[in-house]
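Participant: Please read through the structure below; I'll follow up with questions.
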Protein chains: 2
Amino acid sequence: MSRSRRFLVLAEGNFGPLTSKTANACIRYAPHEVAVVLDSAAAGRTADDVLGFGGGIPVVATFDEAMRFEPTAMLIGIAPAGGQFPHAWRELVVRALTAGLDVWSGLHSLLGDDPEFAAVAAAHGATIRDLRRPPENLDVSYGRVRETDATVILTVGSDCNIGKMTTQLQIQDGVRKLGHRVSFAATGQTGILIEGRGIAVDAVIADFIAGAAEQLTLEAAVDHDIVLVEGQGSIVHPAYSGVTLGLMHGSLPHAMILCAQPSRTTINRNPWVPIPSLSELIRLYEQLAEPLRQSPVIGVALNTYDLSDIEAREAVERAKAETGLPVTDPVRFSTAPLSEAIDAFHRERVEARAALM
Amino acid sequence: MSRSRRFLVLAEGNFGPLTSKTANACIRYAPHEVAVVLDSAAAGRTADDVLGFGGGIPVVATFDEAMRFEPTAMLIGIAPAGGQFPHAWRELVVRALTAGLDVWSGLHSLLGDDPEFAAVAAAHGATIRDLRRPPENLDVSYGRVRETDATVILTVGSDCNIGKMTTQLQIQDGVRKLGHRVSFAATGQTGILIEGRGIAVDAVIADFIAGAAEQLTLEAAVDHDIVLVEGQGSIVHPAYSGVTLGLMHGSLPHAMILCAQPSRTTINRNPWVPIPSLSELIRLYEQLAEPLRQSPVIGVALNTYDLSDIEAREAVERAKAETGLPVTDPVRFSTAPLSEAIDAFHRERVEARAALM
């Protein structure tokens, strides 16, 4: 991210731990780039008050108040199911563009294709950045990830919005400190915002999911030894399982990390679908990878944000006992169990390859 | 299909059993609508000579010869991986539109969005029909197929281009004759061409695969007792597995029919992926369905077009022994084993539901 960007994060009526996914990730990983949050329902509080992180970033009630913090760009701070633009926000986007602010959006409805927004942006020298706009000339997948030597690690999940991006971002530093050239391969709008490149695999034409995953994995592998691919959705999610499997078969991970939330028992917005046990999920993911490339789950990342410290530690111990794998909450506790598991897996792979040569 | 349509099928350099999927399906299921095939490489032969079906439909070498058969529309007869329009065919499409012929296409590259084609069509009163153009306002899936009483049957496969559409079309009559109101839910460009409605689930934005599958299944269920959903791809296909799983989790089949080709040992265009055994595939598909809806595989459809009669019968017997399920080649042999399996499954479901009331 450019150091000079200062976002007005638009989250009107939606700023909260579970409702403003894009805003929250930006505040967690690039807080210095967030000038102010606009949400009249949370006005007067700070990011830390609302989210438990983000320090003193202020939340204000109106566009005029927000402009006093001298933002250079507006970020659409939500990622609703279906990804449509809330009609009630049109006027705020027009005011931002009129004030010369760039507008960044990760929605499926591409704001740059809206004739009014495009005209206002052009008239005022503002740029609209649609993070989910697919690149031109995508192809289907042919398993080309087999051509790179880099070790590919994919996060997979029990559900959506459970920590697949956050886990990779949290463990990236730890893997680097163990001596590896590691890169993060972004596959969703928020990851792309943070990393500055990537492809939103949920926004490409369905036939090209795996092809897009293949392309972004190969790009992230250049000059790196380990690629941490951001996972999407869940193999048991009624709406998004296709994206999950296409991403898996296109990125061809050598190993996977399973992300889960101990307190969640049914799929997000789909209470009719019970979430299988960790060991059942591990079995499903490994079986689905196997016909293309054997890929063990080598660690579990738990999202325990809604548990007490004692409950969180108990959940980690239970998951360890159930799976026999390294387990941690990479936001709350040390990331070492996962970065060390990746380090050990990578070294073993390199040694096995060397022995074959 | 309208009775008055007479297609010039464009398959230049590609007319053959494996290379002109769209042409072949149209010739098999609507031969009276095909006036002529254009392919200079096969000119002078008939559809039956080239495909083994389609009777005396002529194959000619040039556009002018083809026009003597008085076609009313041109059909793009191929469905290549990636679905791009062959540049070499531009001139033929322009000539067709200039002659006032409508142009039907199932490619990913939407011909109606091509400025030159659109202008020529408008100037000559011709219409461009892009079978893969997604409907507006698709939503994500919420498992709404649970709201219909109809029995939903999905074909699933060991690979792409193996008979998932053909199987459903072949058994539809048999199921109807057993006394059921049965409908065919088209999910690909060729199925849509034949059925006159449907959604190409491989052409929608990835997040909406399951939502599109849900919508088309519900539409096909109106006033019907049994819905035969056209499957796509394969759960082990490196490029298309995402579409396969999204279609499965959106259409929520009560039961599945597995389609396979005994002579094929590796995935189409991906010789690095061995095709798992029938029993392994059945296990994978059933396990993936189960978290959302238990869905047994109740029959196997074999595509034996490249085997001798003796070999084909042996393949059917081997598959029966391996799976313990009804097996047939629904093109070569009787469709009864599959239509009777569906009939029995549906009756049992209705009785079980009645017993609960």
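Participant: Based on alpha-carbon centroids, what's the gap between the stretch A:117-137 and the stretch B:124-199 in Å, whole number please?
Facilitator: When both Cα centres are located, 36 Å separates them.
Participant: Evaluate E = 1/(1 + (r/R0)^6) for A:ARG129 and A:ARG176, where r is the Cβ-Cβ distance and R0 equals 25 Å; express this FRET efficiency to the nearest 0.05.
Facilitator: Details: r = 28 Å, r/R0 = 1.11.
In this case the efficiency is close to 0.35.
Participant: Would you mind classifying the stretch B:1-99 by shape? Square roots of the alpha carbon gyration tensor eigenvalues, ordered a ≥ b ≥ c; an a/c under 1.5 is rounded, otherwise it is prolate if a/b is larger than b/c and oblate if not. Write out the running numbers ahead of the final one.
Facilitator: Values: a/c = 1.28, a/b = 1.07, b/c = 1.19.
In terms of gyration-tensor shape, rounded.
Participant: With r defined as the distance between the Cβ atoms of A:ARG95 and A:ARG283 and R0 fixed at 56 Å, what FRET efficiency is calculated, to the nearest 0.05?
Facilitator: Working: r = 52 Å, r/R0 = 0.93.
Calculated value: 0.60.
Participant: I want to verify a result. In a Gaussian network model of chain B, Cα cutoff 10 Å, which of these has the top mean-square fluctuation: B:ALA220, B:ALA99, B:ALA255?
Facilitator: B:ALA99
Participant: Another one. For chain B, modelled as a GNM with alpha-carbon contacts under 10 angstrom, which of B:ILE310, B:ILE199, B:ILE57 fluctuates the most?
Facilitator: B:ILE310
Participant: Please report, in cubic angstrom per residue, the volume enclosed by the convex hull of the alpha-carbon atoms of the protein assembly as shown.
Facilitator: Values: hull volume 129.9 nm³, N = 714.
Cα convex hull per residue, to the nearest whole number: 182 Å³.
Participant: Which residue, B:SER20, B:SER308, B:SER105, has the most motion in a Gaussian network model of chain B that connects Cα atoms within less than 10 Å?
Facilitator: Of B:SER20, B:SER308, B:SER105, the Gaussian network model singles out B:SER308 as fluctuating most.
Participant: Can I ask one more? With the cut-off at 23 Å, tell me which of the pairs A:LYS164/A:LYS320; A:LYS21/A:LYS320; A:LYS164/B:LYS164; B:LYS21/B:LYS164 have Cα atoms farther apart than that.
Facilitator: Working: A:LYS164/A:LYS320 19 Å; A:LYS21/A:LYS320 28 Å; A:LYS164/B:LYS164 34 Å; B:LYS21/B:LYS164 12 Å.
Those over the limit are A:LYS21/A:LYS320; A:LYS164/B:LYS164.
Participant: Moving on. Assume the label is 7 Å from Cα along Cα to beta carbon: what separations in nm does B:SER277 have to the matching positions in the other copies?
Facilitator: Nearest to farthest, the other copies are at 2.7 nm.
Participant: Also, I was wondering about something else. Which value, to two decimals, describes the C-alpha radius of gyration of the stretch A:74-229 once divided by 2.2 N^0.38 Å? Please report the intermediate quantities before stating the final value.
Facilitator: On the way: Rg = 17.4 Å, N = 156, 2.2 N^0.38 = 15.0 Å.
That ratio works out to 1.16.
Participant: Could you list the residues of the stretch A:157-191 with an amide nitrogen less than 16 Å from a label point located 7 Å from the Cα of A:LYS320 in the Cα-to-C-beta direction?
Facilitator: No residue qualifies, since no backbone N sits under 16 Å from the label point.
Participant: For a paramagnetic label modelled at 7 Å from the Cα of B:LEU356 toward its Cβ, which residues of the stretch B:229-244 fall within the zone defined by backbone nitrogen distances under 15 Å?
Facilitator: none
Participant: If you put a point 7 Å past Cα along the Cβ direction, how far is that point for B:ARG181 from the same point in each other copy, in nm, smallest first?
Facilitator: Between copies, matching label points for B:ARG181 lie 6.5 nm apart.
Participant: Could you work out, residue by residue across B:206-219, how many beta carbons of other chains sit within 10 Å of that residue's beta carbon, and then give the average as an integer? Walk me through the numbers before you get to the answer.
Facilitator: Numbers: counts 20, 18, 9, 10, 7, 4, 1, 1, 2, 0, 0, 0, 0, 0.
Taking all residues of B:206-219 together, the mean is 5.
Participant: Also: Just to confirm the numbers: B:GLU348, label point 7 angstrom along the Cα-Cβ line, distances to the other copies in nm, shortest first?
Facilitator: Those separations, rounded to one decimal, come out as 4.3 nm.
Participant: Which FRET efficiency, nearest 0.05, do B:THR72 and B:ARG313 yield, Cβ-Cβ r, R0 60 Å?
Facilitator: On the way: r = 43 Å, r/R0 = 0.71.
Given R0 = 60 Å and the Cβ-Cβ separation, E is 0.90.
Participant: Modelling each spin label as a point 7 Å along the Cα-to-Cβ direction, I'd like the B:ALA81/A:ARG332 distance in nm, to one decimal.
Facilitator: Label-label distance for B:ALA81 and A:ARG332, simple model: 4.6 nm.
Participant: Now, a different point. Within 10 Å of each Cβ of A:229-236, how many other protein chain Cβ atoms are there on average?
Facilitator: Numbers: counts 0, 0, 0, 2, 3, 1, 4, 5.
Averaged over the peptide's residues, the number is 2.
Participant: While we're looking at this one, here's another question. Relative contact order, percent, of the stretch B:143-251 when contacts are C-alpha pairs under 8 Å separated by at least 6 residues?
Facilitator: Working: 204 pairs, mean separation 42.9, N = 109.
Across the stretch B:143-251, relative contact order equals 39 percent.
Participant: Report the net charge of residues surrounding B:ASN161, where surrounding means a beta-carbon distance below 12 angstrom and charges are Lys +1, Arg +1, Asp -1, Glu -1.
Facilitator: Values: positive: B:LYS21, B:LYS164, B:ARG264, B:ARG269; negative: B:ASP159.
Around B:ASN161, the charge tally is +3.
Where a number appears in this text, it was derived from the coordinates with a stated rule and is not lab data. As the structure is a computational prediction, the values presented were derived from the model and not from experiment. All Cβ positions, glycine included, derive from the backbone under ideal geometry; neighbour counts span all protein chains shown.
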